[in-house]
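Comments concern the structure below.
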Amino acid sequence: MRFLAITLIVHRPDPVTGRQKSTHDRFREVLDNAVLAEELGFDGFGVGERHERPFISSAPTVVLSHVAALTRRIRLFTAVTTLSLLDPVRAYEDYATLDHLSEGRLDLIIGKGNGTAQRELFQVTPEDQWDRNAESYQVFRQLWRQDRVTARTRFRPELTDAEVWPRPYQRPVRVWHGSATSKESVDLAARYGDPLFSANVTNPVEPYAELIRHYRERWEYFGHDPADIAIGAGTAGLLVAPTTQQALAAYRPVFEANLAFFRRAGLPVVFETLEDFVARSSALIGSPQQVIEKVHRYHEQLGHTVLHLHADAGGLTDTQHRDSLELFQSAVAPVLRKDIPDPPFPWAPVHPAAEEPPHV
């Protein structure tokens, strides 16, 4: 099994203390967390893309380029690239450049994105967002694979024998499809034989497991080998401590502060108590053995071989957060790496053959 640390770069007051870092300090924290993730042995570091409050992750390629310069081994993920909002030509140029700067350490997780404010900002409607996502991915995919592209499009000017530079480092790049609650992303992933990344953070496991069953059915329908399926899944929270009691005591202020925030904001509350949250959500809160057992239970339902954890403290103190990540890597990750297989593809960058110089 492989492990990612992911941030959406939420920029709001600390749920427990009420203090809010400056924008500059919040970005520095993200960079520090990326370096820490590599230091502790995580396999990937992901940055989300959102274009609305309270996120400041509107330029993930810029952030990941800086992370690439600070790290050497860890793979870099987008979580997710909101292709329904983007011009696929411009997105290709940004990510092909990042692919070179990171020396082939880039994986993309794509999705339509969500949120009314960012849809309005880009003039995307609920009715056309899925069609935009599919079209943008089809064009993006062609651009990555072909030196010249012709594409008949609805949502951007058509392309006729177009050349787009730079040509990428990885050919092709691995693209995961982020899925939360709808079958459109699942169907798109299955059609192209791409891996799926389940959000798996808001609800109990059942709706996510149902989508993954659908993905497996569609995968075979499109003629792909079931042995090639790769699935990732998220977690709703993390706190690993030597004992259950210590983990619950440390996480309780975070849970109660977030619960109060959801109620003030009029957001739906799925888990009313910390005990219910620990029992029925994907959160990994407890002793190392409890966390190992819970990941195994989820693996039985989802069959995932990649797991994402929160890169941010999210209300924990910096010491609590680091201690939890260190204990996860020392006492949990080694067991899960042994028990659960890796995805069915190489994880390290595959260095491409030397490119021929362009013809002038």
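Read the figures in this text as sums done on the coordinates, not as results from a lab. Remember, predicted model here, so these are calculated numbers, not experimental data. Using ideal geometry, Cβ is built from the backbone for each residue, glycine included, and neighbour counts are taken over all protein chains shown.
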| task | Working only within the stretch 19-68, note down all residues that are of a type outside the set (Phe, Trp, Tyr), part of a loop (DSSP other than H, G, I, E, B) and touching a residue at least 40 places away in the same chain (Cβ under 8 Å). | result | GLY41, ASP43, GLY48, GLU49, ARG50, HIS51, GLU52, ARG53, PRO54, ILE56, SER57
| note | Note on the stretch 70-87: residues without any contact (Cβ under 8 Å) to a residue 60 or more places away in the chain, part of a loop (DSSP other than H, G, I, E, B) and under 12 Å from ASN133 (Cα atoms) are LEU86
| field | Candidate set from the stretch 143-188 (those that are more than 21 Å from the chain's Cα centre (by Cα) and aliphatic (A, V, I, L, M)); member that is surrounded by the most Cβ atoms within 10 Å (Cβ to Cβ) | value | LEU143
| field | From the options PHE55, PHE27, PHE45, residue that is aromatic (Phe, Trp, Tyr) and buried (at least 19 other Cβ atoms within 10 Å of the Cβ) | value | PHE45
| field | Every residue from the stretch 206-264 that is in a helix (DSSP H, G or I), aliphatic (A, V, I, L, M) and surrounded by 15 or more Cβ atoms within 10 Å (Cβ to Cβ) | value | ALA209, LEU211, ILE212, ALA247, LEU248, ALA250, VAL254, ALA257, LEU259
| query | VAL201 versus (1) surrounded by fewer than 15 Cβ atoms within 10 Å (Cβ to Cβ); (2) assigned to a loop (DSSP other than H, G, I, E, B): which is the lone unmet condition? | reply | (1)
| field | Boolean, SER58 is within 16 Å of the chain's Cα centre (by Cα) and more than 27 Å from THR305 (Cα to Cα) | value | yes
| the stretch 88-118, residues that are more than 25 Å from PRO54 (Cβ to Cβ) and part of a loop (DSSP other than H, G, I, E, B) | SER102, GLU103, GLY104, ARG105
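Quick one: which of ASP318, ASP323, ASP228 is closer than 25 Å to GLY46 by Cα, of a type in the set (Asp, Glu) and within 22 Å of the chain's Cα centre (by Cα)? Break it down stepwise before answering.
Working: ASP318 fails: within 22 Å of the chain's Cα centre (by Cα); ASP323 fails: within 22 Å of the chain's Cα centre (by Cα).
Only one candidate passes the filter, namely ASP228.
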| task | Give the stretch 11-24 a look and list any residue that's within 25 Å of ASP94 (Cα to Cα) and surrounded by fewer than 16 Cβ atoms within 10 Å (Cβ to Cβ), or say none. | result | THR23, HIS24
